[in-house]
1. What Kirkwood Rh does region 113-230 have if only Cα atoms enter the pairwise 1/r average? Answer in Å.
2. Using mean Cβ contacts within 10 Å as the protection proxy, how do 194-207, 214-227, 25-38 order, highest first?
3. Could you please tell me the mean projected area of the C-alpha convex hull for region 231-297, averaged over all directions and given in square nanometres to one decimal?
4. What is the sum of charges, Lys and Arg at +1 and Asp and Glu at -1, for the other residues whose Cβ falls under 11 Å from the Cβ of Gly283?
5. Taking the chain on its own, what percent of its Cα-Cα pair distances exceed 25 Å?
6. Angle check, please: helix 225-234 long axis (alpha carbons) against the longest principal axis of the chain (alpha carbons), in degrees 0 to 90, nearest 10.
7. Please state, rounded to one decimal and in Å, the Kirkwood hydrodynamic radius that region 1-110 gives when every pair of distinct Cα atoms enters the mean of 1/r.
8. How far apart, in nm, are two points set 7 Å out from the Cα along the Cα-to-Cβ line at Thr253 and at Lys189?
Amino acid sequence: MLLSLQQDPPWVGFRVNTLLADITDVIESPVFSGIGCRPVSWRPDAFLVPFECRQRLVNSKAFTEGQIYLQNLSSMFTAQLLSACPEEQVLDLAAAPGGKTLILAQAMKNRGRIAAVEVVKNRFYKLTENLRRCGVQIANCYHKDGSKVGRQCPSMFDRVLLDAPCSAESRIRANRPDTYAFWNLHKIKDMQRKQKQLLHSAILALKPGGLLVYSTCSYAPEENELVIERQLQKFAGQLEVLPVEAPFSNTQTGLTQWQGKPLNRMLSRTLRILPDPQTGMEGFFVCLLKKDTACVE
Ligand code: SAM
């Protein structure tokens, strides 16, 4: 286990929601003048502002009208990795509050269909409200347990995003005891159990030949490599881990052994995003999976 005991990041990321607004119009509007807005080289709709400007953004009309969405760059990268396309059938299996669903809808140009699933009621309402405010027209939101979806909708989706519930180790801040008050080894085990169920469901729901992104904001191998290792064993020979290529260097490749036990060598193609004070990027783990065209469960 690796804990990052960092302070709040000095930069805050946000995206212009191209479903509702033009990038240049938003960035040249008065709210952004004089605050040192930095473009992000690998996403034309993404920008960074100093942390102290966060509240100014939240209070802006662009924010309340859904023209901008505050989001960490690591989250943006995770959703972008799925490479969703217009007209596809996409599943977002743990979707609230919906920041990554919005990226999928933008990539799909509001054409096709997204099934966005969330099990916690108040988070489900937040999800539907965020997607409505941001002009997402192709999402159907479902208040249900994602671990049941795979059996109910087998081989239905071209792409699946599972941004799994996790122990959120990368959000731990040394100056904020509330961020680690509930962290313990039992919590990691409990999360691992849920993650295994959700990932199994996600794979069942994926069409043969389809792509799946699994991500967490935890560093724990128990919540990452070991969760994937389990499914690689269950779907023996029918899943391929594809290499994750990142347009930034604050990364570490996935582990191929843990506590003396060898793991599937394909796990070296997964990626940990390490916290980066230059961009405010938070720690994340990402894995891109492809289901074999001949996969049968
Ligand atoms: N992808 C979201 C975003 O970028 O806005 C964040 C997702 S958050 C990491 C994980 C979400 O999964 C939480 O909202 C949590 O309530 C939800 N969740 C937990 N267990 C679930 C389950 N069994 N089925 C569906 N959603 C679940």
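1. 15.5
2. Going from most to least packed, we get 214-227, 194-207, 25-38.
3. It is 5.6 nm².
4. Here the charged neighbours net out to -1.
5. I get 47 percent for the Cα pairs in the chain exceeding 25 Å.
6. Once rounded, one gets 40 degrees.
7. For region 1-110, the Kirkwood estimate is 14.9 Å.
8. That separation, rounded to one decimal, is 3.3 nm.
Read the figures in this text as sums done on the coordinates, not as results from a lab. What you are looking at is a predicted structure, and each value in this text was computed from that prediction instead of being measured. Neighbour counts run over all protein chains shown; Cβ positions are idealised from the backbone, glycine included.
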